[in-house]
């Protein structure tokens, strides 16, 4: 599979595949180019659980001060 590198560079992507450097589609489990697993931070569940954990930590810290 050939990839047009100029078009790939012109398209804004936040994350790239660590194995091949291909821009990743958000929330996909695998890279479309090399079929490697996408990093966990490329998935929405990671960010949702991170915000929930940080919110719970903040609330617990506030409650511990009372």
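Ordered by packing density, taken as the mean number of other Cβ atoms within 10 Å over each peptide's residues, highest first, how do 14-27, 45-58 rank?
Values: 14-27: 14.1, 45-58: 10.4.
Top to bottom by mean Cβ count within 10 Å: 14-27, 45-58.
Classify segment 5-65 as rounded, prolate or oblate, taking a ≥ b ≥ c as the square roots of the eigenvalues of its Cα gyration tensor: rounded when a/c is under 1.5, otherwise prolate if a/b is larger than b/c and oblate if not.
Prolate.
Grab the Cα-Cα distance for residue 41 and residue 26, subtract it from 0.36 nm times how many residues apart they are, and report the gain in nm with one decimal. Numbers along the way, then the final one.
Details: separation 15, 0.36 × 15 = 5.40 nm, distance 0.94 nm.
Here the answer is 4.5 nm.
Read-outs throughout are calculated quantities, based only on the coordinates presented, and are distinct from any laboratory measurement. Note that this is a predicted model, so its numbers are computed, not measured. Virtual Cβ from ideal backbone geometry, glycine too; neighbours counted across all protein chains shown.
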